[in-house]
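To keep things clear, I will list the structure first and then write my remarks on it.
The values are calculated or read from the model by the stated rules, or taken from the named source; none is laboratory data. This structure is a prediction, so every number in the text was calculated from the model and none was measured. Don't worry about glycine lacking a Cβ; one is built from the backbone with ideal geometry, like all the others, and counts go over all protein chains shown.
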């Protein structure tokens with residue numbers, strides 16, 4: 001019976017741990033979901049805290065999942081995880097009943113569930129929790145070594161969170177992920193094709209500009225929040241790119257891009273999907289999204305030159321495969337720490 005309890009706790013922990021990591025990998029995307037929750041519950045005055053709340057809640061979910069996986073402090077873990085799962089279940093029940101036009105955000109952008117599916121998922125997790133921990137006096141005693149594995153994994157998760165806050169997601173699940181072809185570059189576009197619509201300062205749509213040639217977009221979805229240092233860095237980078245002539249430079253912002261002449265405008269949420277970094281760079285070749293960089297880590301001009309020399313598919317693989325491999329290596333390391341130590 002103890003082995004059955006441990007397996008149920010492990011499954012619940014795996015789901016929570018994975019869901020939390022997916023949100024920590026994309027804190028900007030998680031903040032958008034939290035912002036929608038605030039709006040749904042008429043707490044719009046908390047919108048400015050969406051990113052902080054999203055990161056803290058994802059960290060809580062990840063840590064609780066990690067505690068369930070390692071089995072440490074079972075009495076405390078049972079109480080915290082039980083309250084958390086009950087909260088998730090009640091929340092998704094409300095969403096199922098009200099059916100608002102929003103995503104639950106359970107697994108970030110990676111997996112989209114209907115409100116009913118989210119509710120059923122949480123009911124199943126609650127059932128697993130009940131088997132694992134009821135009655136409470138029957139919980140197991142974990143090996144002491146698992147405390148070490150929990151501590152190592154926790155430090156690793158915190159480091160991963162800091163890295164995610166400073167970079168674009170290592171694995172992109174947005175419609176504008178590397179390799180996606182923009183709608184305006186497709187002969188027969190489908191309804192699911194991503195559309196990056198931009199306007200000139202005269203208010204004219206210039207979407208067709210992105211369908212051919214090599215374009216390097218410097219985007220800002222909150223241009224008023226760009227620091228002076230970031231603004232100067234972006235302008236200097238743009239000047240160097242124009243002088244090199246490697247790719248056509250385009251400033252795009254949800255508003256006025258500070259200090260950039262001839263900048264284009266676009267929808268704020270679209271720009272957040274295109275590049276999670278406020279002030280980021282995105283390379284688009286013949287309508288294909290090739291690569292993205294955060295504002296604090298803009299690419300060398302030689303890298304852009306090497307990417308535009310390749311066909312889009314090869315360029316996507318060259319720039320993004322190493323990031324995915326590093327992420328996969330990190331995940332393997334985490335699970336090795338949890339399972340083997």
### Query
Do you know which residues across region 191-210 are loosely packed, with under 12 Cβ neighbours inside 10 Å and either in contact with a helix residue (DSSP H, G or I) (Cβ under 8 Å, 6 or more places away or on another chain) or part of a helix (DSSP H, G or I) (or both)?
208
### Query
Can you spot a residue in region 62-75 that is closer than 18 Å to residue 276 by Cβ, in contact with a helix residue (DSSP H, G or I) (Cβ under 9 Å, 6 or more places away or on another chain) and either free of Cβ contacts under 8 Å to residues at least 60 places away in the same chain or not assigned by TED's automatic domain parsing to the domain that holds residue 132 (or both)?
no
### Task
Could you pull out the residue among 120, 152 that is without any contact (Cβ under 8 Å) to a residue 40 or more places away in the chain, part of a helix (DSSP H, G or I), within 21 Å of residue 9 (Cβ to Cβ) and within 25 Å of the chain's Cα centre (by Cα)?
120
### Message
Can you report the number of residues in region 58-79 which are in a helix (DSSP H, G or I) and crowded, with 16+ Cβ neighbours inside 10 Å?
### Response
15
### Query
In this structure, does residue 97 turn out to be closer than 14 Å to residue 129 by Cα, in the same structural domain as residue 120 (by TED's automatic domain parsing) and part of a helix (DSSP H, G or I)?
no
### Query
Can you name the residue in region 169-184 that is outside any loop (DSSP other than H, G, I, E, B) and out of contact with any helix residue (DSSP H, G or I) (no Cβ under 6 Å at 6 or more places or on another chain) and is also surrounded by the most Cβ atoms within 10 Å (Cβ to Cβ) among such residues?
183
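Listed here are the residues, each with its yes/no results for (1) more than 14 Å from residue 28 (Cβ to Cβ); (2) modelled with pLDDT of 90 or more; (3) not assigned by TED's automatic domain parsing to the domain that holds residue 282.
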| residue | (1), (2), (3) |
| --- | --- |
| 140 | yes, no, yes |
| 144 | yes, no, yes |
| 147 | yes, no, yes |
| 150 | yes, yes, yes |
| 153 | yes, yes, yes |
| 158 | yes, yes, yes |
| 161 | no, yes, yes |
| 173 | no, yes, yes |
| 178 | yes, yes, yes |
### Summary
Going through region 211-236 in order, the residues found to be assigned to a helix (DSSP H, G or I) and surrounded by fewer than 16 Cβ atoms within 10 Å (Cβ to Cβ) are 224, 225, 228, 229, 232, 236
### Task
Looking only at region 1-27, count how many residues are more than 14 Å from the chain's Cα centre (by Cα) and either outside any helix (DSSP H, G or I) or under 18 Å from residue 100 (Cβ atoms) (or both).
1
### Query
Of the residues 54, 30, which single one is in contact with a helix residue (DSSP H, G or I) (Cβ under 9 Å, 6 or more places away or on another chain), in contact (Cβ under 8 Å) with a residue 40 or more places away in the chain and assigned to a helix (DSSP H, G or I)?
30
## Note on the structure
Within region 270-300, the count of residues that are surrounded by fewer than 24 Cβ atoms within 10 Å (Cβ to Cβ) and under 19 Å from residue 201 (Cα atoms) comes to 1
